[in-house]
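The values are calculated or read from the model by the stated rules, or taken from the named source; none is laboratory data. Every value quoted in this text rests on a predicted model; they were computed, and no experiment measured them. Note: ideal-geometry Cβ built from the backbone for every residue, glycine included; neighbour counts use all protein chains shown. Areas reflect the complete protein model, heavy atoms only, side chains present, ligands, DNA and RNA absent. Shrake-Rupley method; radii C 1.70, N 1.55, O 1.52, S 1.80 Å.
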Amino acid sequence: MPTTPPLAPRILPELDDSSRPYWTGGAAGELRIAHCGSCRRFVHPPCDECPDCGGALEFVAVSGEGSVFTYTIAYQQFHPEMPTPFVIALVELDEQPGLRLAANIVDCDPSAVTCGMPVRVRFEQHGAVFVPVFAPA
Ligand SMILES: [Zn+2]
């Protein structure tokens, strides 16, 4: 029987051409979001073409500022190196209404998180992957 390797503290994404700029932009300190050249809208999660108009997508650095749209506090410990509680939020970026991404909220007491709270991106490096997380702005 093969042994099961230990779980990583984070489940890291598979990088492909349509998602790599999102997961590696943090190396340059940039949150990069797919943007449609035709209808000028941001698209997240990244995909091959604009779901609205079929236009070509290009990654553009955004401000990294947004607000907590909604969130949940996880108390269940999934991994010994991942301390609980932690906060998983949908963060709405300032660039476009409805442009939301799922991310952890860090550097604050989970009980202090509120909907509408202004937050700013930072990055957690795991090898080549820079996971966007958000802290109170
Ligand atoms: Zn479009």
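Kindly evaluate Pro118 against the criterion of being modelled with pLDDT under 95 and away from the ligand (no atom under 16 Å from the Cβ). Against the criterion (modelled with pLDDT under 95 and away from the ligand (no atom under 16 Å from the Cβ)), Pro118 does not qualify.
Considering segment 9-22, the residues that are closer than 15 Å to His126 by Cβ and touching an Asp or Glu at 6+ places or on another chain (Cβ under 9 Å) include one that is modelled with the lowest pLDDT, namely Pro9.
Taking the conditions exactly as written (of a type outside the set (Gly, Ala, Ser), touching a Ser or Thr at 6+ places or on another chain (Cβ under 6 Å) and surrounded by 17 or more Cβ atoms within 10 Å (Cβ to Cβ)), does Pro46 satisfy them or not? Yes; evaluated as a whole, the condition is true for this residue.
Applying the criterion of being of a type in the set (S, T, N, Q) and open to solvent by less than 70 Å² (accessible area, probe 1.4 Å) to the residues of segment 94-113, the residue that is farthest from the chain's Cα centre (by Cα) is Gln96. When residues in segment 31-85 are screened for being within 11 Å of the ligand (Cβ to nearest atom), charged (D, E, K, R) and in contact (Cβ under 8 Å) with a residue 40 or more places away in the chain, 1 of them pass. Assess whether Thr84 counts as being polar (S, T, N, Q), at pLDDT below 95 and open to solvent by less than 70 Å² (accessible area, probe 1.4 Å). For Thr84, the condition - polar (S, T, N, Q), at pLDDT below 95 and open to solvent by less than 70 Å² (accessible area, probe 1.4 Å) - is met.
The condition of being surrounded by fewer than 16 Cβ atoms within 10 Å (Cβ to Cβ) and not small (Gly, Ala, Ser) does not hold for Pro132. Here Pro118, Pro132 are screened, and the one residue that is in contact with a Ser or Thr (Cβ under 8 Å, 6 or more places away or on another chain) and under 14 Å from Ser63 (Cα atoms) is Pro118.
Scanning for something more than 13 Å from the ligand (Cβ to nearest atom), over 14 Å from the mean Cα position of the chain (by Cα) and farther than 30 Å from Ala112 by Cα, does segment 18-25 turn up at least one residue? Yes; the residues of segment 18-25 include at least one that is more than 13 Å from the ligand (Cβ to nearest atom), over 14 Å from the mean Cα position of the chain (by Cα) and farther than 30 Å from Ala112 by Cα.
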